[in-house]
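We did not get these values from a lab; they are worked out from the coordinates using the rules stated. As the structure is a computational prediction, the values presented were derived from the model and not from experiment. Ideal geometry is used to build each Cβ from the backbone, glycine not excepted, and the neighbour counts take in all protein chains shown.
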Amino acid sequence: MPLAQALFADALPSAAQWMCYPSDSRGEWPLRPMVVEAHSSGGGQGVRAEILSGSVRQEVIAILPRLKRFADVLAGEKREGRALLRRALLRMLKSESSDRRDNPFDRWAFAEIYGLWQSELRHHADSDRETPTENDFGELFAQTQGAKPDALAANFLWQLSPQQRSALLLVYGEGFSHEDAGRVLDTSSDTIQSCLVRTSASLADRLSAKRAAKVALGQREPVNEEIAG
Amino acid sequence: MTELSDELLVAYVDGQFVREQTRAIDKVLGRDGVVAARVDALKEAHGRLEAAFEAILAGEVVEILATPMLPPRLKPQRENGLARIGVAIVGIGIALAALVGGYGWPLVMPNLAALPQQSPAITGSIPAAQQH
């Protein structure tokens, strides 16, 4: 099933909207957000480009890849992340007028996703939801042109709690201030700050240990060569 | 060795300090290799996290682009004024033709006075030959 259908099948029964950045011959990317419509009826598996109007939908579409990333990182895997985003988008489209107020759209949208995730977590505390595996989490990373994802960073992020991952994403991935990240995650900026310090220090420890191990290995190798010689 | 907490160094790496504070830490880094190594590790951690999140975003876009696309569906253009005027002219022409053809209602109202008066139907007693 195409991704757009999977995301919006509930929101728009016969058609789903999606966003795509058309490639540009001049190399400018993204050129212009274009809405495409994915038709689930008639057996056709495809999407149709179409510019849409409407404030909320356009704003959602403009930041959809970022919203997807946030949901995926929070959930720890694509399938759960996609389902979470779909439910959150439905809620957003319904509650936009009453809840948004003067918040920047991206902050409001991230907060909506996080709020829904947290609410569902509270209400289904005893559910048998499976913890995402490292492979599930690794699928989030792009594997283009033979470039391998950073296994150490991926493993590190996978081992963090969803809240810690989200805090890192908002500050280092989205460039949010600690205050804004705190507003999204419903916590104080001090909590965000201490989370960043702990996680950064922990990753720095790993990197230092890896570097030390490499150096130690490098020192041992000549000895081995001497023995072999 | 100078004691600088991770909290301070992370804030330094994240660029949260004002110029004077940054210069002070720069000086420490210049003379303390241990602190400098720690800052390097924190910078690398910071860079790897940023790159990891970029890679995830790239994955999302790749997935979107992999969705098959059909050509745009043609919609009737609402802004085409000439087409609208043409349709209006054709409509007016049909209305005029109907008028000329004798279907003039409601522009021509019937003249009720000109209608032939029908004598009331009398059923009854006097034969028609005896009425005059």
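Tell me the net charge near A:GLU179. Cut-off is 11 Å between Cβ atoms, A:GLU179 excluded, with +1 for each Lys or Arg and -1 for each Asp or Glu.
With Lys, Arg at +1 and Asp, Glu at -1, the net is 0.
For the range B:6-65, which semi-axes, largest first and in whole Å, follow from the square roots of 5 times the eigenvalues of its Cα gyration tensor?
Each semi-axis is the square root of five times an eigenvalue, giving 32, 12, 7 Å.
Need one number: nm distance between label points at A:LYS148 and B:VAL90, each 7 Å from Cα along Cα→Cβ, rounded to one decimal.
The two pseudo-label positions are separated by 6.7 nm.
I'd like the mean, over residues of A:165-175, of how many other protein chain beta carbons sit within 10 Å of each residue's own Cβ. Working shown, then result.
Details: counts 2, 0, 0, 5, 5, 1, 5, 11, 8, 2, 1.
Partner Cβ neighbours, averaged per residue: 4.
Using a Förster distance of 22 angstrom, determine the FRET efficiency expected from the C-beta separation of A:SER161 and A:ARG211, and round it to 0.05.
Values: r = 26 Å, r/R0 = 1.20.
Calculated value: 0.25.
How many nm separate the modelled label positions at A:SER194 and B:THR2, each set 7 Å beyond the Cα in the direction of the Cβ?
Calculated label separation equals 2.7 nm.
Provide a whole-number value for the mean count of partner chain Cβ atoms within 10 Å of the Cβ atoms in peptide A:195-206. Show your work: numbers first, answer last.
Numbers: counts 0, 6, 9, 3, 3, 12, 9, 2, 7, 15, 4, 3.
Neighbouring Cβ atoms belonging to other protein chains average 6 per residue here.
Length gain on complete extension for the stretch A:SER177 to A:LEU90, per 0.36 nm per residue less the alpha carbon to alpha carbon distance?
Between A:SER177 and A:LEU90, full extension yields 28.6 nm more.
Take B:ALA83 and A:HIS123, extend 7 Å from each Cα along the Cα→Cβ direction, and tell me the distance between the two endpoints in nm.
4.6 nm
Averaged across the residues of B:30-43, what count of C-beta atoms belonging to other chains lies within 10 Å of each residue's C-beta?
2
Longer than 26 Å from Cα to Cα, which of A:LYS78/B:LYS43; A:LYS78/A:LYS210; A:LYS148/B:LYS43; A:LYS148/B:LYS27 are they? Say none if no pair is.
In this structure, A:LYS78/B:LYS43; A:LYS78/A:LYS210; A:LYS148/B:LYS27 lie more than 26 Å apart at Cα.
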